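In what follows, a structure is listed as structure tokens, so that the remarks can point back to it.
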Amino acid sequence: QVQLVESGGGLVQPGGSLRLSCAASGKVPSLYAMGWYRQAPGKQRELVATSTNGGSRNYADSVKGRFTISRDNAKNTVYLQMNSLKPEDTAVYYCSGSVYGTGYVYWGQGTQVTVSS
């Protein structure tokens, strides 16, 4: 089992910044990738960014150049630095952890990000 706990969400004005954190515990070595997804009201959950153990990073086109995913392996923590936030970034952001060889994905409980003036 892996537990993922997000923090750092909140209310921010357009153009502002937030940093989300996700701390993993449990069988963390079973994960080959960690990432962030988001779900806005009435929409499906979508990929925001992922980071593999090998260092590969992948971003949704809508956040490229504005968001940066990073990992602190010593702390089993993944971060999402979000800059130049837009109202359309408003969503619940979920941390994910993908397990080697099974396709199974662990999810955090989610953290709300609201971009509004």
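The values are calculated or read from the model by the stated rules, or taken from the named source; none is laboratory data. Values in this document were obtained by computation on a predicted structure and should not be read as measured data. Note: ideal-geometry Cβ built from the backbone for every residue, glycine included; neighbour counts use all protein chains shown. These accessible areas exclude ligands, DNA and RNA; they are computed on the full protein's heavy atoms, side chains included. Shrake-Rupley method; radii C 1.70, N 1.55, O 1.52, S 1.80 Å.
Report the net charge of residues surrounding Thr90, where surrounding means a beta-carbon distance below 12 angstrom and charges are Lys +1, Arg +1, Asp -1, Glu -1.
Charge balance in the 12 Å sphere: +1.
How charged is the neighbourhood of Val28? Take every other residue with its Cβ under 15 Å from the Cβ of Val28, and add Lys/Arg as +1 and Asp/Glu as -1.
+2
Over the chain, what is the relative contact order in percent, taking alpha-carbon pairs closer than 8 angstrom and at least six residues apart?
Reported relative contact order: 37 percent.
So between Gln1 and Gln44, what do we pick up on full extension, going 0.36 nm a residue minus the alpha carbon distance?
Between Gln1 and Gln44, full extension yields 12.9 nm more.
Grab the other residues whose beta carbon is less than 12 angstrom from that of Glu46, score K and R as +1, D and E as -1, and report the net.
0
Which peptide among 81-87, 46-52 comes first, and what is the full order, when sorted by highest mean count of other Cβ atoms within 10 Å?
Sorting 81-87, 46-52 by mean packing, highest first, produces 46-52, 81-87.
Give me the Kirkwood hydrodynamic radius of the chain in Å, from all C-alpha pairs, to one decimal place?
It is 14.1 Å.
Within the chain, what's the longest stretch lacking trypsin sites (Lys or Arg not before Pro) that sit in DSSP loops with no more than 16 other Cβ atoms inside 10 Å?
67-117
Roughly how many nanometres apart are two label points built 7 Å out from the Cα toward the Cβ at Thr52 and Gln109?
Placing both labels 7 Å along Cα→Cβ, they lie 3.2 nm apart.
Could you work out how far the C-alpha centroid of the stretch 31-60 sits from that of the stretch 1-22, in angstrom?
Computed from Cα coordinates, the inter-centre distance equals 13 Å.
Grab the Cα-Cα distance for Asp61 and Ser116, subtract it from 0.36 nm times how many residues apart they are, and report the gain in nm with one decimal.
17.6 nm
Can you work out the accessible area per residue across the chain, with the rest of the protein chains kept in place, probe 1.4 Å, in square angstrom?
Value for the chain: 53 Å² per residue.
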